[in-house]
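The structure under discussion appears below in the form of structure tokens.
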Amino acid sequence: MKYLAVILLGLMASTTPLVASTYFYEPFAYAVGEDALTAAEAWSTVRNPESEADVEAGSLAYTDALGRELRTAGSKVLVDTADELAEVRHRAPLDLSLHQGPVLWISLLALQTAGDARRFINLAFMTPDNIVQPSDPDGDEDEAFSLGVSSSADPSGWSVFNRSQTNGRQVARSTVPTDQMSLVLVRVEPNIDGGESERYTLWVNPLLGTPPPEAEGLSIVSVDAGGQPASDFNDWTDLIGMRIGAGTARNGLPAASWLVDEIRLGADWTDALPWSPPVEWLPPLPVPGPEGFVVTWRPAPGRTDVVESSTDLVTWTPYEASRRTGQEGETSTSFTVPAAPGGSTRFLVRVRREP
């Protein structure tokens with residue numbers, strides 16, 4: 001059996017306290033299990049009882065085109081309607097009363113695992129009834145805007161869309177397919193140019209450590225069904241909740257399923273895209289064998305490193321015995337990675353540095 005050993009440098013988990021400009025961070029660090037998201041107090045509100053999301057071990061991961069990697073922690077959530085009785089919709093409260101800035105930045109890691117754009121997957125941002133204008137006849141909360149895909153016949157590409165009721169929906173759709181693990185980044189600008197419209201700008205898989213280029217962003221502006229300026233919300237405090245959802249099978253259309261992780265909201269793009277310099281890998285590079293192999297890297301004083309492995313670049317398993325904190329004057333450290341699981345056709349290893 002031949003194994004492909006890929007050494008990935010510098011993926012960090014976020015363990016430091018959040019700075020004041022990061023208003024929300026969700027690594028889904030909850031107990032793993034079927035329907036386990038309901039046990040998380042923040043997400044315990046569900047629209048359809050017994051239709052709930054699962055918590056799975058390991059974080060999703062993102063590496064940009066220059067090899068820099070997003071900080072991650074905790075677990076991830078699988079929103080899979082194929083195994084549920086109805087649509088899955090988990091709601092979490094949101095408090096943006098501290099945010100006075102002109103824009104809001106939002107990011108998440110996501111991967112669609114089943115279905116297509118004809119049944120929705122999204123992270124929706126909710127307002128009280130009839131904050132969104134024009135108003136609707138029901139008394140439910142309204143979706144001001146969402147990230148993901150809406151139920152339509154359009155191709156599946158990561159999108160941001162507003163006004164999920166029938167009036168005046170606008171969509172900015174990327175060409176990146178939703179079945180590709182992606183980092184989705186959105187900037188929200190309310191009441192632009194002194195008017196009633198909001199502007200939403202979308203980037204998918206941006207570089208880390210640099211502002212996202214305006215020329216690469218896809219933007220929409222909120223309007224009503226007649227094309228006139230229309231308000232999705234009046235103030236940041238109108239955004240009172242978030243809802244993770246997916247559509248079940250309907251009228252012959254397949255059920256939707258997706259993995260979601262690392263939801264961040266902040267005042268600046270740096271709050272939504274945290275990263276750290278890579279770990280320095282020391283030669284010689286390891287050669288996999290039937291008994292495993294030795295990895296060697298340069299520790300950083302006061303920083304804790306841990307070796308992790310994966311067979312799919314989605315789920316990473318840490319070797320707790322490898323966890324060590326660098327000491328002053330220490331120039332190298334090593335760990336022997338066990339042999340790959342039986343039947344594995346590829347075996348990937350990284351060193352994750354905790355900030």
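The values are calculated or read from the model by the stated rules, or taken from the named source; none is laboratory data. The shown structure was predicted, so the numbers you read here are calculated from the model rather than taken from an experiment. With ideal geometry, Cβ positions are generated from the backbone for all residues, glycine too; neighbour counts draw on all protein chains shown.
Quick notes
- Residue list for the stretch 299-323, filter: touching a Ser or Thr at 6+ places or on another chain (Cβ under 7 Å), exposed (fewer than 15 other Cβ atoms within 10 Å of the Cβ) and not in a loop (DSSP other than H, G, I, E, B): 317
- Here residue 268 passes the criteria (1) surrounded by 13 or more Cβ atoms within 10 Å (Cβ to Cβ); (2) outside the structural domain of residue 74 (by TED's automatic domain parsing) except the one numbered (2).
- Restricting attention to the stretch 274-287, the residues that are at pLDDT below 80 and either closer than 29 Å to residue 76 by Cα or in contact with a Lys or Arg (Cβ under 7 Å, 6 or more places away or on another chain) (or both) add up to 4.
- Counted residues, the stretch 244-264 - those being out of contact with any strand residue (DSSP E or B) (no Cβ under 7 Å at 6 or more places or on another chain) and part of a strand (DSSP E or B): 2
- From the options 334, 344, residue that is touching a residue at least 40 places away in the same chain (Cβ under 8 Å) and part of a loop (DSSP other than H, G, I, E, B): 344
- Residue pairs whose Cβ atoms lie under 7 Å apart, sitting 6 or more positions apart in sequence or on different chains, and linking a residue in the stretch 214-233 that is touching a residue at least 60 places away in the same chain (Cβ under 8 Å) to a partner that is surrounded by 17 or more Cβ atoms within 10 Å (Cβ to Cβ) and basic (Lys, Arg), are 222/163; 232/163.
- Matching option when the condition is on the phi < 0 side of the Ramachandran plot, modelled with pLDDT of 80 or more and basic (Lys, Arg), among 324, 353, 303, 346: 324
Here is a yes/no grid of residues against (1) among the charged types (D, E, K, R); (2) touching a His at 6+ places or on another chain (Cβ under 8 Å); (3) assigned by TED's automatic domain parsing to the domain that holds residue 248:
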position: 38; (1), (2), (3): no, yes, yes
position: 47; (1), (2), (3): yes, no, yes
position: 57; (1), (2), (3): no, no, yes
position: 61; (1), (2), (3): no, no, yes
